[in-house]
Amino acid sequence: MRPDREAPSGLDPLDIEIEERVPPAPRRSWLPRRHHALGLNPVTAPAVVYVPLGYLAGPAGLGLVSAPALGYLDPVVSVALAALGTLAGLAAGDILRHPRLAAVSAVEAGATLLLVTGVVASLLYAWGVATALPPLLLALCLGLGASPSSAPALVVEHPAAKVADLDDLVPILGAAGLLAAIGPGPDAWLLLLATAAIGVSVGIVAALLLRDGQPPSERVVVVVGLLLLLGGAAAYAAVSPLAAGFAAGAWWRWRARDAGQVILADLRRLHHPLVVLFLIVAGATSVLSTQALWLSAALVLSRLLGKLAGGWLGSRVAGGVAPAGFGLLLLPPGVFGLAVVLNAQQVLGPGAMTAALSATAVSTVVFEVVGVAAPHEGEP
Amino acid sequence: MTRRLAALGIVLLLALALARVTAPAAGPRTTALALGIALLAASLAGDLLERARLPRLTGYLLFGVVCGPYLLNIITRPMARDLQLIDNLAVALIALVAGLEMNLGRLRRSLKAILALAGTTIGLMYVALLAVLWAAWPWLPIDPAASGLLRFAQAAVLTTIVVSFSPAATMAVIAESRARGPLTEITLAVVIMAEIVLIVGFTLVVQLLRHAAGAGPGADVGVSALLAWELIGSLALGSLLGALFALYLHHVGREVSIVLLFLCVVLTQLSRALHTEMLLTALAAGFVVENLVPPEGDALKDAVERGSPPVLVVFFAAAGASLQIDALAEVGVLAVALAGLRMLLLRSGVMLGTRLPSVPDPPGRLVWMGLVSQAGVVLGLAIVVARQFPGWGLRLQTVVVALVAINQFLGPAVFRLALARAGEVGGADRQVPSTSA
């Protein structure tokens, strides 16, 4: 779910400003030209670059990003998750404008979730693999991480693009519920209430602090402060920063639209570096053990089946709105899937989720690479 | 204002509720929360002060002092430590941007003025302060029994520390005010030049002190080599990193935010590992980038400055939280007297400099106001003395800590006032971006 389809994870604000002042050298456009020459999608997903880079730099690779350094980056991950959740919440208004597409996205994401959970849980039980979490819960985490899509190459009017934007809702809310139920906190309902309370409190604070005509230098302090408060409070309370961000974003969308617009404008500048850092952390935290590789294979296959089946089911549910076979367009997962699983790892601890995170990282890179060759600039 | 106070109330209630309903956390789990609360509350304090026609950054500092570990303890010591971690990155970024400000072509025009002002100011302060401190030494609560060469050397060490400035605070005020103009350029250059003179001067006076105290020659060489390395190593490391970053900006120019953050992390970590002065290292890196690839350097400086207010708020709030108020209670009168004398000599030194024909008068007269701040480097030098001479060195450290507390609080506000008087506040926003390739 993103308000800006042109840039799947935004663009680096400094790149834009430097390029506006200093025209780029011709060699900078080498990669897109080569892509076009091969008939490939010119959008290179950040996960394809930064997840492997993070793995190479991480403790399992060259060790440049050490385990203590990953600990220091933990707050950045919380803030990045809160920012992603906020973007999803701000875009949640699309649900009201496109109720049939929202239904299609729920069916498609639900089908993927069920299929991945079923296949992975069955394999884990069949293999008798010893896992830190009960196999069904581990499979459910993987299923939640597998259900979002991004479809970065499609134009904004394309129904599959809308479905891809809306299907992040299922994993964000599902993960919030699951983590509240199985996390270390006292009471699931209390934790869910705390998640919503954090989101809404920060939402109200923003509405009180952001005003018309505020100088940009003051506004950016408030917006960065709000994001830190959102991610920090959620991490402190061991609840999902993604869900807290979603609650804040939805509150701004429905109750304080002016504040929401201001935050959206600043988020577009801020969230790209955050997403890149979060992808590097996800890569650096991954460990390509035998278990993780088997899980990756199972995840890739079941997600492929899930998306195809979900697409087919979705087009049945709302024939005419979603074209048949649009599941193929939903293969690129974007960053929300990885965000959900990284969030689960933050709450449940590295021991329980390392294999699942590694498998999701591999699956994300595989599907994003496949997505480069996917149809692009598609028309409705 | 009611809306802002209500917002502050909600933030504090949220923090209290979290502390009540969850187990006390430590380490990285608190960092983002501490930063979030600090940013929002400090920003509100800045608003409040602005309404009272005082600089916003005084509000940030006040917030740090009031909420810091010495008064209300809302920012507890672990939180202050978390803020300090971010503060190191902030200093690296501030110094890097200040280095980007130093274009050789532009500096050449005002080089004479800078040398004249720095020379007269530092010279007058050194001579006058040394004379006063030497004469008053028997009455100062440091080492009243000292006599002869030892007394002279001790007074010389304290003089060097009292004379020194805070480039980080000066750079942060310039960035926060988005200032551009002659006063900004001259003050920045004088402060940086003084920093280099200070390190060389400190090396010499510590050698003299060790000789006077009868310490072994081996240790002499150790301290001198360390300080020489601090200077030369910082410039070399900064130049190398700056050159690499300039190449990256020119030939790749992608994901600059992340690479810049990575550069700041590398600067802080390598400076710590190699015992170089981080501020000088970052400054040298910025200087090399600006002079190797000026168009990219200028664009980067403007872009980073526009996005830097949160970093500056954290810098000033952390500075406020780290002010050691207890030292003021111990030697407050002496510290106030020293701070007053220092300001008087600063003003006199600059006035003397402005009589020279090379110094442009109107902005030149205000330069002294940009030299009042003192901060971390000064404390670092006092710690070196305290380690070398645990008896009287510790008493000297207490005096320096109290002096820094005063100047760290007053300095930024005074400099902001000078920039406003010179009409340079917001100058960066008024400048038309250059498009030269």
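The values are calculated or read from the model by the stated rules, or taken from the named source; none is laboratory data. Since this is a predicted model, take the numbers as computed values, not measurements. With ideal geometry, Cβ positions are generated from the backbone for all residues, glycine too; neighbour counts draw on all protein chains shown. With ligands, DNA and RNA removed, areas are computed over all heavy atoms of the protein, side chains included. Shrake-Rupley method; radii C 1.70, N 1.55, O 1.52, S 1.80 Å.
Points worth noting:
- Top of A:PRO216, A:PRO184, A:PRO46 by mean-square fluctuation, Gaussian network on chain A, Cα under 10 Å: A:PRO216
- Globularity index of chain A, i.e. its alpha-carbon radius of gyration over 2.2 N^0.38 Å: 0.94
- Summing +1 for each Lys or Arg and -1 for each Asp or Glu among the other residues whose beta-carbon sits under 15 angstrom from that of A:GLY174 gives -3.
- Shape of chain B, Cα gyration tensor, a/c cut at 1.5: rounded
- Within chain A, longest stretch clear of exposed GluC sites (Glu not before Pro) (DSSP loop, no more than 15 other Cβ within 10 Å): A:158-376
- Charge-dipole axis of the protein assembly as shown as Lys and Arg at +1 and Asp and Glu at -1 on Cβ define it, positive-most pick from A:GLY260, B:VAL197, B:LEU417: B:LEU417
- Here is the result for the range B:256-306: no trypsin sites (Lys or Arg not before Pro) lie in DSSP coil with at most 12 other C-beta atoms within 10 angstrom of their C-beta.
- Taking the charge dipole of the protein assembly as shown about its Cα centre, with +1 at Lys and Arg Cβ atoms and -1 at Asp and Glu Cβ atoms, the residue from A:PRO52, B:PRO55, A:ALA83 reaching farthest to the positive side is B:PRO55.
- Contact order for the range B:89-436, expressed relative to its length and based on alpha carbon pairs under 8 Å spaced 6+ residues apart, stands at 31 percent.
- Separation of the A:THR131 and A:TRP254 label points, Cα + 7 Å toward Cβ, nm: 3.4
- 10 Å Cβ neighbours from other chains, averaged over peptide B:246-254: 3
- Number of partner chain Cβ atoms within 10 Å, mean per residue of A:73-79: 5
- Candidates A:GLY177, A:GLY311, A:GLY249: whichever shows maximal mean-square fluctuation once chain A is modelled as a Gaussian network with Cα springs under 10 Å: A:GLY177
- In the context of the full set of protein chains, the range A:54-132 has a per residue accessible area of 41 Å² (1.4 Å probe).
- Karplus-based coupling profile of the range B:297-302, in residue order and whole Hz: x, 5, 5, 5, 4, 4, with θ = phi - 60° in 6.51 cos²θ - 1.76 cosθ + 1.60 and x standing for Gly or Pro.
- Ranked packing of B:9-18, B:31-40, B:173-182, most packed first, by mean Cβ within 10 Å: B:31-40, B:173-182, B:9-18
- Residue of A:PRO52, A:PRO99, A:PRO215 that the Gaussian network model of chain A assigns the largest fluctuation, springs spanning Cα pairs under 10 Å: A:PRO215
- Other protein chain Cβ atoms within 10 Å, averaged over every residue that makes up B:299-311: 5
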